[in-house]
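I have placed the structure first, in the form of structure tokens, so that the comments after it can refer back to it.
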Amino acid sequence: QAKGGAKGTWQRYQPELHTAMTERLEVRAALHEAIDTQQFRTMYQPIIDLETGLITGVESLVRWEHPVRGLLGPYHFIEVAEESGAIVAIGDWVLREALRQFARWRADDPDMTLRYVSVNVSARQFRTPGFVDRVRAALDEAGAKPEWLLLEITESLVLRDAEQVWADLRMLRAMGVRIAIDDFGTGYSSLSYLRQMPVDVLKLDKSFIDDILTSDQQHTMVDAIVALARNLDLKVIAEGVEEPGQRAALARMGCPYGQGYLFSRPVWPAEIVALAHAEAQLV
Ligand code: C2E
Ligand code: MG
Ligand code: MG
Ligand code: MG
């Protein structure tokens, strides 16, 4: 029997729940060894200039090459890593790896259209004292320019604890690192607040793009956000673009950038070289 439910009542034993808990515990126990033995990998997904169709940036997306279970996406371990704190070390590794990779791409082909690599930063990682210093160290170590780095943070991070977080964001931007709000629109930030936020880019959440062709309301929302962002000098990246019609609608609104399966799924580094080198229009 397990204790649970709304009022702490005793419920019947649930095997699925047991499996889920066991998996979480196993993941938690394995994460640190996974860091030490370098089981993490980064895939990269192109971010496209909607006007030219060229790759303008890439987002790094972490994967865990589990010795038994195979390649695991973030869904299988990020939440547990957040809870246990392992995300700080994983995130630091991803940051250093992504910058190292990007610097190598630049060195191999200085004329490539790729201008930046975007790295996800968890709230816990950002709040760990010394984060700004670690970003600086990662840039130095890779021989990377701050302009090559875009950091993706969440709306809730910018809203909570404004003082310290905003100070750090300002410091990063003063260095030349740019900041994006990931999954924009899923949190609670008011549009008027946007004017003051020390950020450069809004990544408009996939849920907005999903209904852009089928819901007038959603279309109007995206149109308004794109217009507002332009007036505030913020760039917009539309996430989760899957259909040509969505891309066309976004382009008509003047949304500058897009990312999604329509252009490319996340791929391994060698494939990025091919995509950026050929200056191939992805759509
Ligand atoms: P995210 O940062 O919003 O990244 C976009 C996610 O959407 C990726 O999933 C990507 O593969 C997926 N995606 C992109 N285009 C499409 C599309 O057209 N259709 C659909 N259905 N999906 C699309 P992924 O790689 O599984 O990552 C999931 C989440 O895990 C990320 O969402 C991010 O929040 C987190 N994550 C990934 N890498 C890292 C990391 O290095 N550090 C941290 N803290 N979080 C990470
Ligand atoms: Mg992201
Ligand atoms: Mg996102
Ligand atoms: Mg997302």
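Taking the range 107-126 as the search range and keeping residues that are in a helix (DSSP H, G or I) and crowded, with 19+ Cβ neighbours inside 10 Å, which one is farthest from ligand 1 (Cβ to nearest atom)?
So, considering only residues that are in a helix (DSSP H, G or I) and crowded, with 19+ Cβ neighbours inside 10 Å, the one farthest from ligand 1 (Cβ to nearest atom) is Phe126.
Please work out which residue is surrounded by the most Cβ atoms within 10 Å (Cβ to Cβ), limiting yourself to the range 64-89 and to residues that are away from ligand 4 (no atom under 16 Å from the Cβ) and without any contact (Cβ under 8 Å) to a residue 24 or more places away in the chain.
Looking at the filtered set, the residue picked out is Leu72.
Just one of Arg104, Arg170, Arg134 is at pLDDT 95 or above, within 24 Å of Val267 (Cβ to Cβ) and not in a loop (DSSP other than H, G, I, E, B); which is it?
Arg104
Looking at the range 251-278, which of the residues that are more than 16 Å from ligand 3 (Cβ to nearest atom) and within 19 Å of the chain's Cα centre (by Cα) is surrounded by the most Cβ atoms within 10 Å (Cβ to Cβ)?
Out of the qualifying residues, it is Ile272.
Among (1) away from ligand 2 (no atom under 14 Å from the Cβ); (2) within 20 Å of the chain's Cα centre (by Cα), there is one condition Asp140 misses while meeting the rest; what is its number?
Condition not satisfied by Asp140: (2).
Name the residue that is surrounded by the most Cβ atoms within 10 Å (Cβ to Cβ), counting only residues in the range 49-63 that are under 17 Å from the mean Cα position of the chain (by Cα) and away from ligand 3 (no atom under 15 Å from the Cβ).
Ile55
From the list Gly176, Gly240, pick out the single residue that is within 21 Å of Val58 (Cα to Cα), in contact with a helix residue (DSSP H, G or I) (Cβ under 6 Å, 6 or more places away or on another chain) and more than 16 Å from ligand 1 (Cβ to nearest atom).
Gly176
Looking at Pro198, is it more than 16 Å from ligand 2 (Cβ to nearest atom), within 18 Å of the chain's Cα centre (by Cα) and over 16 Å from Val58 (Cα atoms)?
In short, yes.
Give the range 198-229 a look and list any residue that's more than 16 Å from ligand 1 (Cβ to nearest atom), surrounded by 17 or more Cβ atoms within 10 Å (Cβ to Cβ) and aliphatic (A, V, I, L, M), or say none.
The answer is Ile225, Val226, Ala229.
Of these, Glu83, Glu65, Glu152, Glu97, which one is modelled with pLDDT under 95, charged (D, E, K, R) and within 16 Å of ligand 1 (Cβ to nearest atom)?
Values: Glu65 fails: modelled with pLDDT under 95; Glu152 fails: modelled with pLDDT under 95; Glu97 fails: modelled with pLDDT under 95.
After ruling out the rest, the residue left standing is Glu83.
The values are calculated or read from the model by the stated rules, or taken from the named source; none is laboratory data. Quick caveat, the model's predicted, so the values are computed rather than measured. Ideal geometry is used to build each Cβ from the backbone, glycine not excepted, and the neighbour counts take in all protein chains shown.
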